[in-house]
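Here's the structure, in structure tokens; my notes come after.
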Amino acid sequence: MLYSSPGKGAVSAVQILFLDFDGVMHPEFCHESKHFVHQDNFETVMRAAPHVDLVISSTWRHKRSLDELKALFTADVRARIVGATPLYAQLDEVPDTLQGYEREAECRAWLRQHGRAAQEWLAVDDRSWNFRPFNPNVFLVDGEVGLDADSAAKLAARIHGAVA
């Protein structure tokens, strides 16, 4: 899918979104009573982007099954979760260029494993050091805040091909 971005011409829209939880869906290190405080913001963005598949990249996948992770979302968004990234320690091969960038290596491994490496993707995360510097496929969120309304608006623009 292509969208026009003012002054930028046609750019590809995101087709796959990798989602972190801590620092995105809620502030990092918050009390569990505050977990998923930004769920409404995230799900509103996703409802406006029905072409986007979701993949869980959060460390929550270490201790919970995919079904348990999906259950955290409303039915319409849950239906668009197509998987979770493999764990870095279990990757058979990590290219030299991705050594030390664990989350990016996991995202790219998932894309390769599912035949989607050529598709436009975006990782929503709060930790820049998990990705190569200046990676255009990363949407960084302030981990102390999470995906507040302002960040959600910027994410929506980025998903549709606008530079946010």
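Laboratory data are not the source of any read-out in this text; all were calculated from the coordinates shown. Predicted model only: the values in this text are computed from it and were never measured. Backbone-built Cβ (ideal geometry, glycine too); neighbour counts: all protein chains shown.
Before moving on, here are some points about what is shown:
- Full extension of the segment from A75 to R47, taken as 0.36 nm per residue of separation minus the current Cα-Cα distance, would add 8.9 nm.
- H51 sits among other residues whose Cβ lies under 12 Å from its own Cβ, and their net charge, with Lys and Arg +1 and Asp and Glu -1, is 0.
- CD proxy at 222 nm, helix term only [per DSSP H run n ≥ 4: -39500 (n - 2.57); per residue of the chain; nearest 500]: -7000 deg cm²/dmol
- Of all DSSP beta bridges in the chain, antiparallel share, percent nearest 5: 20
- Summary value for the stretch 2-159: 34 percent relative contact order, contacts being C-alpha pairs under 8 angstrom separated by 6+ residues.
- Semi-axes of the equivalent ellipsoid of the stretch 46-164 are 21, 18, 15 Å, computed as sqrt(5λ) over the eigenvalues of the C-alpha gyration tensor in descending order.
- Label-point separation, D67 to L87 (7 Å along Cα→Cβ), nm: 2.0
- Separation of the A162 and S33 label points, Cα + 7 Å toward Cβ, nm: 3.7
- Sum of side-chain charges, R103 neighbourhood, beta-carbon under 14 Å (Lys, Arg +1; Asp, Glu -1): -3
- The Cβ shell under 12 Å around D67 holds other residues with a net charge of +3, Lys and Arg each +1, Asp and Glu each -1.
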